[in-house]
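Report on the following structure.
The values are calculated or read from the model by the stated rules, or taken from the named source; none is laboratory data. Just so it is clear, the structure is predicted and the values come from calculations on it, not from any experiment. In this analysis, Cβ positions are derived from the backbone assuming ideal geometry, glycine residues included, and neighbour counts consider all displayed protein chains. When the accessible area is computed, the model is the full protein with side chains, heavy atoms only, and any ligands, DNA or RNA have been set aside. Shrake-Rupley method; radii C 1.70, N 1.55, O 1.52, S 1.80 Å.
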Amino acid sequence: MGKSLVRVVLRKELRETFRDRRTVFSVIISPLLFTPLLLSMIGMLVTRQARAEQHEVLSVGLVGGEQAPSLQRILSNSRGLRFEAVSAADAQTRVRTHDLRAALQVPRNADALLADHRRVPLKVLVDPGNEASQRTAQRIHAFFEERSKRLVAQRLSKKGLSPELVRPFDVRDTRISGGGSVAGLMLAMFLPYVLVLSSILGGVYAANDLVAGEKERGTLEALLVSPASRRDLVMGKFLTVAIVSLVSSLLSVVGLVLPFWLQPPGMSWLARTELTLTPLALAAMLLVQFPIAILGAGLLLSVSTYARNQKEAQSYLSPVMLIVTVVAMLSLILKAEAPWPLALAPILNAALALKQALNGSLDPTFALLAVAASAAYASLAMAFATRLFQQESVLLKA
Amino acid sequence: MVAIDGLAKSFRDRKRGEVRAVDGVSFECRPGEIFGLLGPNGAGKTTLTRMLATILQPTAGSAQVAGYDIRREPEEVRRHLGYLTGSAALYERLTAREVVTYFAELHGLSPKRAANRIEAVFRTLDIEPFADRRCDRLSTGQRQRVSIARAIVHEPPVLLFDEPTSGLDVLSARGVVRFIRQCRDEGRTVIFSTHIMSEVEALCDRIAVIYQGKIAAIGTVDELREQTGERAFENVFLRLIGEEL
């Protein structure tokens, strides 16, 4: 019996795989270039929109304002709101047709109520299905909130009383030093998703190429007639896919984190506060990635072995990819502090453990259970791929 | 040396039920001999060579290749075997040298011996001018030469050729035929499977005519001519498989 040929197979497969433009693109170029670019673009759009909204003047209909000149004087001081006199009937239709953002309905006796220091009922006509209308209503609310405070202060001081009389508490937030950041929160949400997805999907091209591709091109038969045992061959190929998956997920993380550190234009919205990845979070990330990459490699290689050619492998893979994507998306929705049975859910468990680590709320029992379960699934997938590779009916299917 | 005794393989097919692709084949092939397997498509030639190459498990019978049993010592069999089929392809993204080196390594050749062997084989087959070009840039004839180099880099005593000239032009095919003859002259055992009469006539020392998984006749070209009383080899073949002329 000769020595193991796994290394010989692995070296050749890696060399060949990284000469494949599809793999190089999806594993290296896309995460390192396109992820930051995409984030940057989203950032720029969001910033620009926020700025535009700030300077935007919103037109609001005013119903019944003619009889209340004092109230109108107050309204004329509003910033970002332009009031336009309309009839009650017009107000409804013009808000509905988006001609007006919203409308303010003022009672006939508004001025009298104001003078008597009584409460003035104001009605805001708003279209709940229109975002701009909602925003305008909010701005009207904020405007009157601020005016109310000022008016109360004036009235109190006229009577020689302090405004503090009606505001007994003053509540303000202060940021603690060394705490998490908004950026960190975003990362804790997106990283598990990106990581899970990239560590399974990153190896797709490599896996399809390695067995289904060899069948399709007619190179597999010669390989099977070489002295290498089936086990050596499948192990070499399996490790290749696992390595490609790992590289893919690592680079995806780098691509996602890099913009936070480099702060290119458009990223300032996320990177205003400093981002720190704790050593624990980093360790958890690596610990979680390994079993997922191995599980993914086993899964992908099984499909690739079973399929007759790459096209067939692709179609077998589409339900697998759908499931993986949905599971990864679940990790976006579910809270990090999950009940322990979820630690047994393949893929999702890893994503949740990772989320905990990034949140700083790592539950050791959950994490250990998740890693153990993932390792068990990974070895199952690996064993299945190996079994499949031993069957002549599967390998020589034409 | 290859000795086959009652080798059989049956498949289960969904439409046709039990299919006996190879049905009790026995023959012997000696060193320094080119043994031809002649039969129409679907006769069982490929199944037979694949069993000898240990990538298909026989359902009955046994065979020895270079003294090793194909069931009990498949890895030793593969170590002493050179295998080339017409449908064989190369790794497109590797260079010719990388492909042949890979197979040398799979056969456990030391780096030094591999380098020497590759140099020698590349010289014989005139591969050197394009040795470092990627295989997807090679012509069909060049690829076939690299495939041959891949199959013999470990100096196997037994060679299996399954329709090695299919898809080749006359010049490239002649190169392959010349190479097979050279293998015999070096004292190797060569099994050559084909459906092309002229190749069999020109090349083979002995021939087994295979039809429907069974051997219809075995002998030299002249013996088979005598047996059937036909002159043209195509007619010899048709007579042997029981067809009317």
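Taking the conditions (1) farther than 22 Å from A:Gly236 by Cβ; (2) outside any strand (DSSP E or B); (3) within 11 Å of another protein chain (Cβ to nearest Cβ) in turn, B:Gly141 satisfies each one other than (3).
For the range A:313-372, the set of residues classified as small (Gly, Ala, Ser) and open to solvent by 40 Å² or more (accessible area, probe 1.4 Å) consists of A:Ser315, A:Ser318, A:Gly360, A:Ala372, listed by residue number. Kindly check whether there is at least one residue in the range B:23-46 that is open to solvent by 40 Å² or more (accessible area, probe 1.4 Å), closer than 12 Å to B:Ile210 by Cα, modelled with pLDDT of 95 or more and touching a strand residue (DSSP E or B) at 6+ places or on another chain (Cβ under 7 Å). Yes, there is a match, as at least one residue in the range B:23-46 is open to solvent by 40 Å² or more (accessible area, probe 1.4 Å), closer than 12 Å to B:Ile210 by Cα, modelled with pLDDT of 95 or more and touching a strand residue (DSSP E or B) at 6+ places or on another chain (Cβ under 7 Å).
When B:Asp136, B:Asp126, B:Asp132 are checked against the criterion of being closer than 30 Å to A:Leu14 by Cβ, open to solvent by 60 Å² or more (accessible area, probe 1.4 Å), more than 10 Å from chain A (Cβ to nearest Cβ) and of a type in the set (Asp, Glu), a single residue qualifies: B:Asp132.
The residue that is farthest from the other protein chains (Cβ to nearest Cβ), counting only those in the range B:168-196 that are within 20 Å of B:Thr47 (Cα to Cα) and open to solvent by 20 Å² or more (accessible area, probe 1.4 Å), is B:Ile196.
Among B:Glu105, B:Glu92, which is in contact with a Cys (Cβ under 6 Å, 6 or more places away or on another chain) and either more than 12 Å from chain A (Cβ to nearest Cβ) or open to solvent by 10 Å² or more (accessible area, probe 1.4 Å) (or both)? Quick ask: steps written out before the conclusion?
On the way: B:Glu105 fails: in contact with a Cys (Cβ under 6 Å, 6 or more places away or on another chain).
On inspection, the qualifying residue turns out to be B:Glu92.
Reported count of residues in the range A:21-41, each being within 11 Å of another protein chain (Cβ to nearest Cβ) and surrounded by 18 or more Cβ atoms within 10 Å (Cβ to Cβ), is 1. Taking first residues from the range B:7-30 that are in the same structural domain as B:Ile218 (by TED's automatic domain parsing) and partners that are part of a strand (DSSP E or B) and aromatic (Phe, Trp, Tyr), the Cβ contacts under 8 Å between residues at least 6 apart in sequence or on separate chains come to B:Glu18/B:Phe11; B:Val19/B:Phe11; B:Ala21/B:Phe11; B:Phe27/B:Phe35; B:Cys29/B:Phe35.
Quick check on the range B:209-244: of everything there that is assigned to a helix (DSSP H, G or I) and charged (D, E, K, R), which residue is nearest to B:Met197 (Cα to Cα)?
Within the range B:209-244, the first condition is being assigned to a helix (DSSP H, G or I), and the residues that meet it are B:221-228, B:233-240.
The next check asks that each one be charged (D, E, K, R); those that pass are B:222-223, B:225-226, B:234, B:239.
Numbers: B:Asp222: 14, B:Glu223: 15, B:Arg225: 13, B:Glu226: 17, B:Glu234: 6, B:Arg239: 14 Å.
So the residue we want is B:Glu234.
The requirement of being within 14 Å of chain B (Cβ to nearest Cβ) and in contact with a Leu (Cβ under 9 Å, 6 or more places away or on another chain) is not satisfied by A:Leu295. Residue-level analysis places B:Ala202 among those that are more than 14 Å from chain A (Cβ to nearest Cβ) and open to solvent by 60 Å² or more (accessible area, probe 1.4 Å). Return a yes/no flag: does the range B:231-238 have any residue that is open to solvent by 50 Å² or more (accessible area, probe 1.4 Å), in the same structural domain as B:Lys45 (by TED's automatic domain parsing), within 20 Å of the chain's Cα centre (by Cα) and at pLDDT below 95. No: the range B:231-238 contains no residue that is open to solvent by 50 Å² or more (accessible area, probe 1.4 Å), in the same structural domain as B:Lys45 (by TED's automatic domain parsing), within 20 Å of the chain's Cα centre (by Cα) and at pLDDT below 95. Considering each residue of the range B:56-68 in turn, at least one proves to be within 7 Å of chain A (Cβ to nearest Cβ) and open to solvent by 50 Å² or more (accessible area, probe 1.4 Å).
Quick grid of which residues meet (1) within 14 Å of another protein chain (Cβ to nearest Cβ); (2) surrounded by fewer than 23 Cβ atoms within 10 Å (Cβ to Cβ); (3) touching a residue at least 12 places away in the same chain (Cβ under 8 Å):
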{"position": "A:Leu220", "(1), (2), (3)": "yes, yes, yes"}
{"position": "A:Ala228", "(1), (2), (3)": "yes, no, yes"}
{"position": "A:Asp232", "(1), (2), (3)": "yes, yes, yes"}
{"position": "A:Met235", "(1), (2), (3)": "yes, yes, yes"}
{"position": "A:Phe238", "(1), (2), (3)": "no, no, yes"}
{"position": "A:Val241", "(1), (2), (3)": "no, no, yes"}
{"position": "A:Val244", "(1), (2), (3)": "no, no, yes"}
{"position": "A:Ser249", "(1), (2), (3)": "no, no, yes"}
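Screening the candidates A:Arg11, A:Arg7 for the property of being free of Cβ contacts under 8 Å to residues at least 12 places away in the same chain and within 14 Å of another protein chain (Cβ to nearest Cβ) yields one hit, A:Arg11.
Quick one: count up the residues across the range A:373-382 that are open to solvent by less than 20 Å² (accessible area, probe 1.4 Å) and not hydrophobic (A, V, I, L, M, F, W, C). Count: 1.
The single residue among A:Ser361, A:Ser379, A:Ser318, A:Ser374 that is among the polar types (S, T, N, Q) and at pLDDT below 85 turns out to be A:Ser361. Among residues of the range A:70-84 that are assigned by TED's automatic domain parsing to the domain that holds A:Ala103, those with a Cβ under 6 angstrom from a residue that is acidic (Asp, Glu) and assigned to a helix (DSSP H, G or I), sequence gap 6+ or separate chain, pair up as A:Ser70/A:Asp111. Taking the listed residues B:Val121, B:Val100, B:Val77, the one that is free of Cβ contacts under 8 Å to residues at least 40 places away in the same chain, over 18 Å from the mean Cα position of the chain (by Cα) and surrounded by 15 or more Cβ atoms within 10 Å (Cβ to Cβ) is B:Val121, with no other qualifying. In the range A:254-269, what residues are open to solvent by 10 Å² or more (accessible area, probe 1.4 Å) and either assigned to a helix (DSSP H, G or I) or at pLDDT 70 or above (or both)? If the condition is that a residue be open to solvent by 10 Å² or more (accessible area, probe 1.4 Å) and either assigned to a helix (DSSP H, G or I) or at pLDDT 70 or above (or both), then A:Val254, A:Leu256, A:Leu258, A:Phe260, A:Trp261, A:Leu262, A:Ser268, A:Trp269 are the ones that fit.
For the range A:42-66, a residue qualifies if it is over 29 Å from the mean Cα position of the chain (by Cα) and either crowded, with 16+ Cβ neighbours inside 10 Å or aromatic (Phe, Trp, Tyr) (or both), and the qualifying residues are A:Leu58, A:Val60, A:Gly61, A:Leu62, A:Val63, A:Gly64, A:Gly65. Counting only strands (runs of 3 or more DSSP E) that sit completely within the range B:1-76, those holding 3 or more residues that are closer than 24 Å to B:Leu240 by Cα correspond to B:2-13, B:17-29, B:33-38.
Scanning the range B:153-167 for residues that are within 12 Å of chain A (Cβ to nearest Cβ) and either of a type in the set (Asp, Glu) or surrounded by fewer than 21 Cβ atoms within 10 Å (Cβ to Cβ) (or both) gives B:Asp162, B:Ser166, B:Gly167. Scanning the range B:137-193 for residues being in contact with an Asp or Glu (Cβ under 9 Å, 6 or more places away or on another chain), β-branched (Val, Ile, Thr) and within 20 Å of A:Thr219 (Cα to Cα) gives a total of 2.
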